[in-house]
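First up is the structure itself, then whatever we jot down about it.
The values are calculated or read from the model by the stated rules, or taken from the named source; none is laboratory data. Just so we're clear, the structure is a prediction, and the values are computed from it rather than from any experiment. Glycine also receives a Cβ, built like all others from the backbone with ideal geometry; neighbour counts cover every protein chain displayed.
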Amino acid sequence: MKFKIFISSLICAFVYTTVSAKILTDPPESGTLTGIVTDKTDGSPLIGVTVTIPDLKNGTTTNNDGKYILNHVPKGIFLVQVRYIGYATINQKVDFTKTTTLNFQMQMSSIETGEVVITGVARATELKKSPIPIVAVSKQALDEHAGAGNVIDQIANLPGVSAVTTGPNVSKPFIHGLGYNRVITSVDGIRQEGQQWGDEHGVEVDQNAVDRIEVIKGPASLTYGSDAIGGVVNMISPAPVAEGKILGSVQGLYGTNNGLYNGSFRLQGNQNGLVWGTVVSAKGAKDYQNQHDGRVYNTAYQEKDARVMLGLNKSWGYSYFNASVFDDKQEIPDGSRDSISRQFTKQVTEDDSYRPIVSSSELNSYSISPLYQRVQLYRIYNNSSFIFGDNNSLNVNLGYQKSHRREFTHPTATDVPGLNLNLDTYTYDVKYNFTFAHDYESSFGLNGMYQKNTLGAGTDFPIPNYHQFDIGPFFFIKKSFGKLDVSTGGRFDSRSFTGEAAYVDNTNPTFPSLYTGSNPTTAPNVDKQFDALSKTFTGFSGSFGATYNVSNQFLIKGNIARGFRAPSIAELSANGADPGSQIYHTGNKNFVPEFSLQEDIGAFLTLPEVTASAELFNNDISNYIFQEQLLNPDGSPVITNGYNTFSYVQSKAQIYGGELNLDIHPVKWLHFQNAMSLTYGQNKGTGGTVPDSLKYLPFIPPLHTHSELRGNFDKGFGVFKKVYAFVGFDHFSAQNHFFAAYGTETYTAGYNLLSAGIGSNIVNAAGKKVVELFLEGTNLANVNYQSNMSRLKYFDNPNGAGPGVAPGIFNMGRNISFKVVVPFDL
C-alpha cells in the first residue's frame, strides 16, 4: 500500500504541477489545417477521405467537394496521414508553425502501403520505417473475420501469431512460440491484467470495441517492462469522429455452427473538441460441433460488455477518460464420455461416482450449465498527451483494473465457487517526448504497476494472496540519416513480490476453506497451502535496430533486442488445483528471471504488381520456464485432488524461424496472397545431452501456409459498393516436434482448411452507405482435425478413448457467419 500511495502521489504531483504550470504560463497556440484532396489522375475531388494526425488523435474526413479542415492543431511538427480505400496512403510530416493549408493528390493503387503504428514507438511511425517487427490489422480485416468467437482468434492466423485455445471462446495469444506471461495484451496502451498464467480463460476484451490491432513480434520489454519478452498485442479503440459529427452503428452477427449471436451498439460524437463515445455488446453461443464428436458438451458461453469514453481534443493536446466492464460466463468442459457410445457425460455428484449421458436438449441449449466459470473485469483508465513548445510532449497513461474470476465446480452446491480470485491492478506510464540536436526523436519515461491478489471464499487455492510492485525507467531514441533509419533504447526493471502464508481447513474434505484462526500449526485438519514469499527481481533490457531504404521499392531491416521477464506468482508458488484447466499446479520459489536475446532481419519488396517479404528471427532464452506433467514410477500420471499434476521447470531454450509473404496482383482488382510461417522451439537443457523426449518445447505451432485468391471491386456494381470476395486455403503440417516427456504432449496430424467470404456496402441514391454486409465461411470442407494448440485435444476419459478411436476433442467443424452493420448519422 505504501508503494501504491507513493507512486500515485509522485505521478500526480509531477504531471499536474508540470502541465498546469506550462499551460497556464505558456498556453499552446491553436491553429487549423485545411485543404483539398483530389485524384492525381483526373483532378476530381475525393469524398470521405480520412485525414488524421495520429499523435494528436485528431482526424476528419473530406466533404462532397474534397475539402477537409482540422481544428485545434498545436504548433509543431507532426505526421499527417491521408487514407482512402483503393488509393496509396500518404504520410507526410508537416510543420504547423509554417503550414495552415495543404492539398493532397492521391494515386490509385492496388496495394496497401503506408501503415502507421503507435505501439512501441516514441511517436507515430510509418510501419516500414520501424526496425521492430510489427504487424497492423485494420478494422476492415477484423470485420471480415468477425465470425471468430473472440478478438484473439481474429488475428491468430497472422504469420508468426497463433493461439492456445480451450474451445471457441477461450484463446491465449502466442507470438513466435511464446505466450501466457510472455505476451502482453493491452487496450490503448494500458496493459491487460487478469490471471495470464491460467489456461482456461481468454482475453477480457469486447471484440466489438476494437477498431485496430497492432502486434509487436519479439521482445517489447523496452516500453512495456517485464512480461513482454514475446511481444505485445495492442488493441486500439475507435478513433474520435470528425468535429461536429454524431455517428453510430448497430450490428448483428450469427454463426451457424454453435448458434453464435453477437450484437453491438456504437455511438460517438465530437463537438468543438469535446469527444465522447460508447459501445454496448452482448453475445452468446451453444456448444460447438464437429462430425467426430457431435456437439461438444460444456463449450457454451455468454458475454456482456459496455464501454464509455469522454475526452477533450484541444490545442494543448488531448485527454481521454475510459471506463469499461467485461462479464463472461464460460462453461467448463472436461471431455468425459460414455465408454461404449462415446457420448459426453456430465458430473452430477461431488464424489463423481457415476455420470449420466448429456441429453441432446442440453447440448442444444443456450443456458449455462451448473459447472462454469465467470470472469469479470472492470477497467478505468486515462490516456493524455500534453503538447509543449518546440514539438515536445508529455504522455500520461494511468489505469485501474479489477479482475474477478470464479469457477463453479460443485454440482451439488452450484453457488459455491471452487476457484475465487480477485486481482486489483494499478498501472502508470509517464513518457516525455522531445527532439534534440539534429532531429533525434527521443523519449524518456517511467512505467510499471502495483497489484494485489486476494483469495475469496472458495474450495480451490492454486495461488496465494500477494502484492506485486513493478517500476522501470526507460529511454528511446530514433534518428534518420537519409535512407537509414536507426532506433535504440534501454530499460531497467525491478519487480517485487510479497506472498502471504496460507493454511487450509480440511475438516470437510469436499468443501475445504481457508483457515482464518490464530493457531494453524496446532489446529486439527489444517494443512499449510503456501509459505510466505518475498522476492525481488531486476534486469536490464535493450534494443538496437535499423531500416535501410535501398530504394522506394526495396528495404531491409535488422534488430537485436535483450528481453527480461520475472517469474510469475504461479511459477514461483502455485500449489493447488485449477478445475477449469484440469490441472494441479506446483511452482518453485527458487526460479530466477528469464533473459532473451533475439535477432530479427527482414527484406521487403513493393512493386506495382508484386509485394513480397522475408523475415527471420532467432531467440535464445536463458532460464526458460515451462510446465511438464509428473508421472508415477509405473508411468501413470500423478493425481492430486483428482487432477493431473504439472510442475514448472526451468531450462535453456532456443526458438527460431521465419515468415514469407508474397502478394501477386496482376490486375488492379485481383490479389493472390500467400504466406508461410515456421517456428521451431528447442529445449537446450541445463547441461549435457537432452533426451529426445525433452528436446522440443511445448505449444510450438507447426508449419502453416495460407493462400488466398481475392477480388476487390471498390466501385462495385449498382448499389453495391466496395465489394470483396475471397477463397482461402490453410495448410497446417503435422507437429512431430512436440514435448513428449511424461506424456505432456502428443503427436498432432496435419490438416487442410478451406474458407471463403464475400461482402459489400449498400448505398442509397445519394451514394451514402446505409448497410455493410459480411459473409464468411470457415472449415467449409467440414474437416475433422485437432490443432496442437488446442487444450481440448487432451480432454478425454482417464483411460483413453479405446482401440481405434482418436482420443481427445476435435476442433470446430463447418461454420458460416453472417454480419450486418447499419451505420447512422445524427
Can residue 398 be described as touching a residue at least 60 places away in the same chain (Cβ under 8 Å), closer than 26 Å to residue 583 by Cβ, within 26 Å of the chain's Cα centre (by Cα) and part of a strand (DSSP E or B)? no
Filter pass, residue 361 being part of a loop (DSSP other than H, G, I, E, B), out of contact with any Leu (no Cβ under 6 Å at 6 or more places or on another chain) and among the polar types (S, T, N, Q): no
For the structure I just gave you, tell me whether residue 119 is in contact (Cβ under 8 Å) with a residue 60 or more places away in the chain, surrounded by fewer than 17 Cβ atoms within 10 Å (Cβ to Cβ), assigned to a loop (DSSP other than H, G, I, E, B) and not assigned by TED's automatic domain parsing to the domain that holds residue 606. no
Here are 510, 488: which of them is in the same structural domain as residue 227 (by TED's automatic domain parsing), surrounded by fewer than 20 Cβ atoms within 10 Å (Cβ to Cβ), touching a residue at least 12 places away in the same chain (Cβ under 8 Å) and more than 30 Å from residue 229 (Cα to Cα)? 510
Being aliphatic (A, V, I, L, M) and modelled with pLDDT of 95 or more is the filter here, so list the residues in region 294-342 that pass it. 296, 300, 306, 308, 309, 310, 323, 325
Give the residue that is surrounded by the most Cβ atoms within 10 Å (Cβ to Cβ), with candidates limited to residues of region 449-472 that are out of contact with any Gly (no Cβ under 9 Å at 6 or more places or on another chain) and outside any strand (DSSP E or B). 456
Residue that is nearest to residue 687 (Cα to Cα), among those in region 629-662 that are modelled with pLDDT under 95 and among the hydrophobic types (A, V, I, L, M, F, W, C): 649
Does region 318-333 contain at least one residue that is closer than 26 Å to residue 405 by Cβ and either in a loop (DSSP other than H, G, I, E, B) or outside the structural domain of residue 204 (by TED's automatic domain parsing) (or both)? yes
Check 795, 774 and return the single one that is modelled with pLDDT under 95, of a type outside the set (Ser, Thr, Tyr), in the same structural domain as residue 288 (by TED's automatic domain parsing) and within 22 Å of residue 163 (Cβ to Cβ). 795
Among the residues of region 61-98, the number that are out of contact with any Ser or Thr (no Cβ under 9 Å at 6 or more places or on another chain), outside any loop (DSSP other than H, G, I, E, B) and closer than 12 Å to residue 51 by Cα is 3
Of these, 441, 407, which one is modelled with pLDDT under 90 and assigned to a strand (DSSP E or B)? 441
Would you check which residues across region 324-355 are under 22 Å from the mean Cα position of the chain (by Cα) and over 24 Å from residue 791 (Cβ atoms) and list them? 324, 325
Only one of these is more than 25 Å from residue 821 (Cβ to Cβ) and of a type in the set (S, T, N, Q): 157, 103, 150. Name it. 103
Which ones in region 152-182 are more than 20 Å from residue 587 (Cα to Cα), in a strand (DSSP E or B) and of a type outside the set (Lys, Arg)? 161, 162, 163, 164, 165, 171, 173, 174, 175
Can you pull out the residues in region 93-115 that are loosely packed, with under 13 Cβ neighbours inside 10 Å and of a type outside the set (Ser, Thr, Tyr)? 93, 95, 98, 103, 107
Against the definition (surrounded by fewer than 18 Cβ atoms within 10 Å (Cβ to Cβ), at pLDDT 95 or above and assigned by TED's automatic domain parsing to the domain that holds residue 818), how does residue 731 come out, yes or no? yes
Please go through region 202-224 and pick out each residue that is over 11 Å from the mean Cα position of the chain (by Cα), crowded, with 24+ Cβ neighbours inside 10 Å and in a loop (DSSP other than H, G, I, E, B). 206, 218, 219, 220
Here are 673, 629: which of them is in contact with a Pro (Cβ under 8 Å, 6 or more places away or on another chain) and either in the same structural domain as residue 463 (by TED's automatic domain parsing) or β-branched (Val, Ile, Thr) (or both)? 629
Of all residues in region 619-652 being charged (D, E, K, R) and crowded, with 16+ Cβ neighbours inside 10 Å, which is farthest from residue 593 (Cα to Cα)? 628
Report whether or not residue 475 is assigned by TED's automatic domain parsing to the domain that holds residue 585, buried (at least 22 other Cβ atoms within 10 Å of the Cβ) and modelled with pLDDT under 95. no
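Here's the yes/no breakdown for (1) buried (at least 23 other Cβ atoms within 10 Å of the Cβ); (2) farther than 23 Å from residue 381 by Cβ; (3) among the small types (Gly, Ala, Ser):
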residue	(1), (2), (3)
139	no, no, no
142	no, no, no
167	yes, yes, yes
176	yes, yes, no
188	no, no, no
194	no, no, yes
Go through region 294-314 and count every residue that is in contact with a helix residue (DSSP H, G or I) (Cβ under 8 Å, 6 or more places away or on another chain) and in a strand (DSSP E or B). 5
